[in-house]
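K.L.:
Mind having a look at this structure? Questions to follow.
Readers should treat all values here as calculations from the given coordinates under stated rules, not as data from a laboratory. These figures come from a predicted structure and were not determined experimentally. Using ideal geometry, Cβ is built from the backbone for each residue, glycine included, and neighbour counts are taken over all protein chains shown.
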Amino acid sequence: MRVAVIDYSLCKPTKCNLECIRFCPVNRSRRSSKAIEIDSNTGKPVIYENVCIGCNICVKKCPYNALEIENLPDELSKLAIHRYGKNGFKLFGLPVPKKGEVLGIIGKNGIGKTTTIRILAGELIPNFGDKERKASENEVLERFRGTELFEYFQKVYSKKIKVAHKIQYVELVPRYLSGKVSTLLEKADERGIAIKLASELGLSPVLERDVKNISGGELQKILIVATLSKKADLYIFDEPSSFLDVRERIRIASLIRELVPKESYSIVIEHDIALLDYLSDNIVVMYGEPGVYGVASKTYSTRSGINHFLDGYLPAENMRIRKEPIRFHVSEAPPQRHGGKSNEIYIEWRDFTISLDGFRLDVKPGSASKGEVIGILGPNGIGKTTFVKKLVSMISEDRPEDEEIKFSYKPQYVSPEIFEKKTVEENLINANPQSLSTGTWAYEDIVRPFGLYKLREREVSELSGGELQKLALAVSLIKDAELYLLDEPSAYLDVEERLSVAKVIRRLTESRSVAAFVVEHDLSIIDYICSRIMVFEGKPGEHGFANSPMELREGMNKFLKILDITFRRDPSTGRPRINKKDSYNDREQKRIGEYYYI
Ligand code: SF4
């Protein structure tokens, strides 16, 4: 079976020489049936999957990267659920939500998670891959007769399932909503819990503010409170962790588990694997090719599902979804886990204090070695970014005037104004002239996997929040710098992208013998990437304390003790797992003071 997808927003048949049509071997063989031709109605190409032989020549010839052809196992055709347009994205398989259980979904972005949610919420009637036909609710029920989904869709189509949905892109909220936070929460509050929940999550100081004037983290918490305050039968949380620090992530995960009614369905899409693991009762892995096709796996137990995802192999489907497994190298003790590739000091600082707009930060002495990645952990508003900016100015002061330190910074919040140039291409070339050349590390490791090569002609003002974050991260990583400060590099990235970015950061600091400071709230990424960590404590917005860098185990123990959370290791993959509060492991690890197992 073949899936041929054309991204019509990229396809420009009036500007190219129609290479896709001219070079197609089926077309050239002068058979009566063509595999690809111009549709007389749209003036754009159309690919006939039943004639196409899947040689991929058109994909390689297209100067705008508008085509994708995937050859898939024939068995998948029985699982076709939905198709957008003639040569559009195709979804196979649907997860089965279960009452009273949190269903976690893990997978790359762009492989149909949103489509899946829309179908399960009854917002989209699936056409079962037949894009020519508009399917009806009765047809859907007929298709699922005899399966677990039949009863579920019966309820959905008889309006017995009310949906509460926490959307993915929280920063879009101020564009569509205005008014006081308390008024918006009161409107959403059908269970009489909104204001109490808001105060539990530290939102009391912003209740009287307009929703247009609050931060991403506050917006995230407000939307979670609003969703939990609805009386619903299906609760959907799409990336509930973005913009939240570790303490807030664990808190909202506990609230979701506690407050979603037992007689309701709930679905969580999340890329922080430690959090997803903590939140979910079951896992569905979604795999495929972003923008081309996506497949929902069978339902696995949480531990098995996440481990199979990291292994890159789904046993129930007998399907390899990635060439290499992802492993957290816990047993290794390479030098980089203990103070950088070399122990040669790269930057050193004495204790110092910064006072800024009523905020005070006291910093203990420390150093970073060449090739070292130091993780920075602590709540939002505790001075993490202030600290690294100060380091940069301290290094610059020690240099001759004409020798500025080459510093690369990815801020936490990204807007079009932070970019120096107008288009994606100009910004990438400006950061690294080789970034759009195939075969270079910048292109192969960053620009291509992030899909930025497809957006090269776009202006930054036209990009979505996720695309802006990816561009900002790409620009900061591909720069030839001496010091990197990456504030939440994992924001908006899916699990695979997070882990590949983590590898890039580790590799580039080691190979160039430079140092990186990474502010990150995804503890699996900190664990995967950092040799040492700095723990920031104190009262956000008032007074922060930055401890000296500590070995990973010591630092994590200190940090997790403050949060009163314990982690254990998964024996197969080495990934860190959060212990359920008051479980045997939790109590035992607290007793012996091992909050974090290495
Ligand atoms: Fe023609 Fe299909 Fe080959 Fe494209 S992949 S060149 S449409 S046969």
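K.L.:
Under a point spin-label approximation (7 Å from Cα along Cα-to-Cβ), what is the residue 204-residue 580 distance to one decimal in nm?
P.N.:
With each label placed 7 Å out from Cα toward Cβ, I get 3.2 nm.
K.L.:
While we're on this one: If only Cα atoms are counted, what is the Rg of the range 224-302, and what is its Dmax, in Å?
P.N.:
Every Cα atom of the range 224-302 included, Rg and Dmax give 13.4, 37 Å.
K.L.:
List the lysines whose Cα lies under 20 Å from the Cα of residue 323, skipping any in the same chain that are fewer than 8 positions away.
P.N.:
The reachable lysines, counting only those whose Cα sits under 20 Å from residue 323, are 108, 503.
K.L.:
Given the C-alpha centroids of the range 260-298 and the range 191-231, what is the distance between them in whole angstrom?
P.N.:
Each part's Cα centre sits 24 Å from the other's.
K.L.:
Right, another one. Taking R0 as 35 Å, what FRET efficiency do you get between residue 157 and residue 415 from their Cβ-Cβ distance, rounded to the nearest 0.05? If you can, show how the numbers build up before the last one.
P.N.:
Values: r = 42 Å, r/R0 = 1.19.
That pair, residue 157 with residue 415, gives E of 0.25.
K.L.:
Taking the Cα centre of the chain as the origin, how large is its charge dipole in debye, to the nearest 20, when only Lys and Arg (+1) and Asp and Glu (-1) carry charge on their Cβ atoms? Spell out each step's value before the answer.
P.N.:
Working: 90 positive and 85 negative charges, 343 e Å.
For the chain, the charge dipole is close to 1640 debye.
K.L.:
Quick one: if the Förster radius is 30 Å, what FRET efficiency do residue 230 and residue 561 give, using the C-beta to C-beta distance and rounding to 0.05? Don't jump to the answer; show the numbers that get you there.
P.N.:
Values: r = 36 Å, r/R0 = 1.20.
For R0 = 30 Å, the calculated efficiency reads 0.25.
K.L.:
Please report, for the Cα atoms of the chain, the Rg to one decimal and the Dmax as a whole number; what are they, in angstrom?
P.N.:
Using the Cα atoms of the chain, the pair Rg, Dmax is 25.2, 79 Å.
K.L.:
Another question, if that's okay. Any idea what angle helix 302-311 forms with the longest principal axis of the chain, computed on alpha-carbon atoms, 0 to 90 degrees, nearest 10?
P.N.:
Tilt of helix 302-311: around 80 degrees.
K.L.:
Just tell me the longest site-free run in the chain, where the sites are GluC sites (Glu not before Pro) in a DSSP loop having at most 10 other beta-carbon atoms within 10 Å.
P.N.:
Values: sites that count: 132, 208, 263, 332, 401, 403, 420.
Free of exposed loop sites, the longest segment is 421-598.
K.L.:
Same structure again: With n ≥ 4 as the cut-off for DSSP H runs, can you work out [θ] at 222 nm for the chain, using -39500 (n - 2.57) per run divided by the number of residues, rounded to the nearest 500? Write out the running numbers ahead of the final one.
P.N.:
On the way: 20 runs with 185 residues, N = 598.
Estimated from H runs of four or more residues: -9000 deg cm²/dmol.
K.L.:
What does the C-alpha gyration tensor say about the overall shape of the range 487-598? Classify as rounded when a/c is under 1.5, otherwise prolate if a/b is larger than b/c, or oblate. Before the final figure, lay out the partial values.
P.N.:
Details: a/c = 1.83, a/b = 1.29, b/c = 1.42.
In terms of gyration-tensor shape, oblate.
K.L.:
Give me the distance in nm between label points sitting 7 Å out from Cα along the Cα-to-Cβ direction at residue 99 and residue 137, one decimal.
P.N.:
Output for this residue pair reads 2.0 nm.
K.L.:
Of all DSSP beta bridges in the range 203-304, what percent run antiparallel (nearest 5)?
P.N.:
On the way: 7 of 12 bridges.
The antiparallel fraction comes to roughly 60 percent.
K.L.:
Further question on the same structure: Test of understanding: extend the Cα→C-beta vector of residue 438 to 7 Å, then name every residue of the range 1-18 with backbone N under 19 Å from that spot.
P.N.:
Hits in the range 1-18 for residue 438 at 19 Å: 5-7, 10-12, 16-18.
K.L.:
Moving to a separate point now. Mind checking which lysines have their Cα closer than 17 Å to the Cα of residue 159? Skip sequence neighbours fewer than 8 apart in that chain.
P.N.:
Here the lysines satisfying the reach criterion relative to residue 159 are 99, 230, 231.
K.L.:
What lysines sit close enough to residue 44 to cross-link, taking a C-alpha to C-alpha distance under 20 Å and skipping anything fewer than 8 places away on the same chain?
P.N.:
Qualifying lysines at Cα under 20 Å: 12, 15, 34, 60, 61, 86, 90, 131, 454.
K.L.:
State the extension gain, in nm to one decimal, for the chain segment bounded by residue 40 and residue 212, taking 0.36 nm per residue of separation less the distance between their alpha-carbons. Working shown, then result.
P.N.:
Numbers: separation 172, 0.36 × 172 = 61.92 nm, distance 4.65 nm.
Length difference between fully extended and current span is 57.3 nm.
K.L.:
Quick check: residue separation of residue 190 and residue 124 times 0.36 nm, minus the Cα distance between them. What number comes out in nm? Working shown, then result.
P.N.:
Values: separation 66, 0.36 × 66 = 23.76 nm, distance 2.57 nm.
This chain segment gains 21.2 nm when fully extended.
K.L.:
Work out the length of the dipole vector of the range 438-539 about its Cα centre, built from +1 on the beta-carbon of each Lys and Arg and -1 on the beta-carbon of each Asp and Glu, and round it to the nearest 20 debye.
P.N.:
Numbers: 13 positive and 18 negative charges, 47 e Å.
Result for the range 438-539 is approximately 220 debye, rounded to the nearest 20.
K.L.:
Restricting to bridges with both residues inside the chain, how much of the DSSP beta-bridge set is antiparallel, in percent to the nearest 5? The partial results should precede the final answer.
P.N.:
On the way: 40 of 83 bridges.
Percentage antiparallel, nearest 5: 50.
K.L.:
Under 16 Å from a label point 7 Å along Cα→Cβ of residue 344: give me every residue in the range 372-395 with its amide N that close.
P.N.:
Answer for the range 372-395: 372-373.
K.L.:
Okay, next question. What FRET efficiency, computed as 1/(1 + (r/R0)^6) with R0 = 41 Å and r the Cβ-Cβ distance, is obtained for residue 588 and residue 324, rounded to the nearest 0.05? Show your work: numbers first, answer last.
P.N.:
Numbers: r = 34 Å, r/R0 = 0.83.
Taking R0 as 41 Å, the efficiency between residue 588 and residue 324 is 0.75.
K.L.:
Grab the Cα-Cα distance for residue 50 and residue 507, subtract it from 0.36 nm times how many residues apart they are, and report the gain in nm with one decimal. Intermediate results must be reported in sequence, preceding the final value.
P.N.:
Values: separation 457, 0.36 × 457 = 164.52 nm, distance 4.42 nm.
Taking residue 50 through residue 507 to full extension adds about 160.1 nm, to one decimal.
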